[in-house]
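What follows is one structure encoded as structure tokens, with my remarks underneath.
Each value in this text was obtained by applying a stated rule to the coordinates, not by laboratory testing. All values reported here derive from a predicted model rather than from experimental measurement. Quick reminder, even Gly has a Cβ in these numbers, built from the backbone with ideal geometry, and neighbours come from all protein chains shown.
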Amino acid sequence: MTKAVQDLMIAVERVHDALHTAIRAGAAVAHLLAEDATFDVLPSGVGATGADEIERFVAEQVVVPGDLTVRRTSRTGDRFRVVDEEVFAFTHDRELSWLLPGPPTGKPTELVVVTLTAVKRGQVTRTRMIVA
């Protein structure tokens, strides 16, 4: 692997991490996205297409639990994408229709989430979250 490829992989990881940090903080995300980017959450099937629509979706639909902790269990990637396997732990104390079906249970919850983020020219072109 050349130094140039390693540098590209690091740059892709930084864009991926910046997007997920912004989402968790409720911050603007459009500047990190390609104009035709897609964001999908499975199996719920919710998401959006286009930087402005994704920003609106994140702002209006993605409610982040107050006590959310994220523990990465693995990461792999190349110069085009990053794939993370993480464990989300939180108290299900609010409706999270983008993540879980049904009303809040008030119970501690752990979910395995696999996120694939593709990056081109320093912008996210696709994010797919698969919740297990």
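One residue stands out in segment 75-132 among those that are acidic (Asp, Glu) and not in a strand (DSSP E or B): the one that is farthest from Thr38 (Cα to Cα), namely Asp93. Would you pick out the residues in segment 109-118 that are farther than 17 Å from Ala132 by Cα and either exposed (fewer than 14 other Cβ atoms within 10 Å of the Cβ) or in contact with an Asp or Glu (Cβ under 9 Å, 6 or more places away or on another chain) (or both)? Within segment 109-118, Thr117 is the sole residue that qualifies. Of the residues making up segment 4-44, just one is touching a residue at least 60 places away in the same chain (Cβ under 8 Å), hydroxyl-bearing (Ser, Thr, Tyr) and closer than 14 Å to Thr117 by Cβ, namely Thr38.
Let's see how each residue does on (1) among the β-branched types (Val, Ile, Thr); (2) touching a Lys or Arg at 6+ places or on another chain (Cβ under 7 Å); (3) not in a helix (DSSP H, G or I):
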{"position": "Ala18", "(1), (2), (3)": "no, no, no"}
{"position": "Ala34", "(1), (2), (3)": "no, yes, yes"}
{"position": "Thr38", "(1), (2), (3)": "yes, yes, yes"}
{"position": "Val41", "(1), (2), (3)": "yes, no, yes"}
{"position": "Ile54", "(1), (2), (3)": "yes, no, no"}
{"position": "Val58", "(1), (2), (3)": "yes, no, no"}
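Please determine whether any residue of segment 68-82 is surrounded by 13 or more Cβ atoms within 10 Å (Cβ to Cβ), among the β-branched types (Val, Ile, Thr) and touching a Ser or Thr at 6+ places or on another chain (Cβ under 7 Å). Scanning segment 68-82, I find at least one residue that is surrounded by 13 or more Cβ atoms within 10 Å (Cβ to Cβ), among the β-branched types (Val, Ile, Thr) and touching a Ser or Thr at 6+ places or on another chain (Cβ under 7 Å), so the answer is yes.
Within segment 90-108, not a single residue is at positive phi, small (Gly, Ala, Ser) and buried (at least 18 other Cβ atoms within 10 Å of the Cβ).
Within segment 62-94, being under 16 Å from Val131 (Cα atoms) and within 13 Å of the chain's Cα centre (by Cα) holds for Val62, Val63, Val64, Val70, Arg72, Val83, Asp84, Glu85, Glu86, Val87, Phe88.
Among the residues making up segment 24-62, those that are touching a Phe, Trp or Tyr at 6+ places or on another chain (Cβ under 9 Å) and either farther than 14 Å from Gln123 by Cα or among the polar types (S, T, N, Q) (or both) are Val41, Ser44, Val46, Gly47, Ala48, Thr49, Glu53, Phe57, Val58, Gln61, Val62. Residue count for segment 10-41 satisfying the condition of being among the aliphatic types (A, V, I, L, M) and buried (at least 16 other Cβ atoms within 10 Å of the Cβ): 12.
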